[in-house]
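Here is the structure we will look at.
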Amino acid sequence: MSQYSGTLLKGMLMTVQLSCITVFFGLIFGTIVAFMKMSNFKIWKIRPLNLIATIYIEVLRGTPLLLQLYFFYFLMPALIPALDDKKISITVALVVNSAAYVAEIVRSGIMAVDPGQAEAARCLGLNATQTMQKIIIPQAVKNILPAMGNELVMMLKETSLASTFFIGEIMTQCNIIGGITYLNIETLILSGIMYLILTSSVSKLVGMYERRLAVSD
């Protein structure tokens, strides 16, 4: 710890940074996918937006994250040579994966709002867009944010798979230290402690927020 504290801190910061970026952009793209899945837009009898979103969610949730990381690791440089950076490729893969899960979180949060709320808003003269913006979404946020906290906890752990590509997060740094010192068991225990500190801290914050929501209800 004393000799490699700087390296370990660098790995922890990289893990937090990667997780926060992933969840932030995952929330943006996941919300878009969620609204696509709930869309009633039709071409003849087909709902194309719903179909695209459903396929996206099923494929991303039905295949291993490590497979997706490899796919984007090799795909991104081929499609966009200017983005031939493994950190960018891995980050994009994590965002794409997270968006599939966030889409279901957002959709379920909106669907959990009492349908009577929308009916009452229509009776007051609000159109569909105003109803969603002023009535549904503010209530859905209470359902979505705690689940997003759990998504951040999951992402903190899932970034460990990025160590396959040596991008500098906790597992990468601990593997490097283990290779130098030949103390592989000790470094694995140390990495587990660091992940536990991060995930338990986020879990505590999520728990505090959920208790505040319960009081406000």
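The values are calculated or read from the model by the stated rules, or taken from the named source; none is laboratory data. Because the structure is predicted, anything quoted here is derived from the model rather than measured. Here Cβ is always computed from backbone atoms with ideal geometry, including for glycine, and neighbour counts include all displayed protein chains.
Brief remarks on what is shown
- So GLU210, is it at pLDDT below 90, within 27 Å of LYS87 (Cβ to Cβ), among the acidic types (Asp, Glu) and in a helix (DSSP H, G or I): no
- VAL23 being surrounded by 17 or more Cβ atoms within 10 Å (Cβ to Cβ), in contact (Cβ under 8 Å) with a residue 60 or more places away in the chain, out of contact with any Leu (no Cβ under 9 Å at 6 or more places or on another chain) and of a type in the set (Val, Ile, Thr): no
- Among residues of region 176-217, those that are within 17 Å of GLY6 (Cβ to Cβ) and buried (at least 17 other Cβ atoms within 10 Å of the Cβ), counted: 7
- When ALA140 is tested against the conditions (1) surrounded by fewer than 19 Cβ atoms within 10 Å (Cβ to Cβ); (2) farther than 30 Å from THR164 by Cα, the lone failure is (1).
Every residue, every condition in (1) closer than 22 Å to LEU145 by Cα; (2) in contact (Cβ under 8 Å) with a residue 60 or more places away in the chain, yes or no:
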| residue | (1), (2) |
| --- | --- |
| LYS37 | yes, yes |
| THR54 | no, no |
| VAL95 | yes, yes |
| ALA118 | yes, no |
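- Scan of region 90-137 for residues that are of a type in the set (S, T, N, Q), more than 14 Å from MET38 (Cα to Cα) and either buried (at least 16 other Cβ atoms within 10 Å of the Cβ) or at pLDDT 85 or above (or both), ordered by number: THR91, ASN97, SER98, THR131
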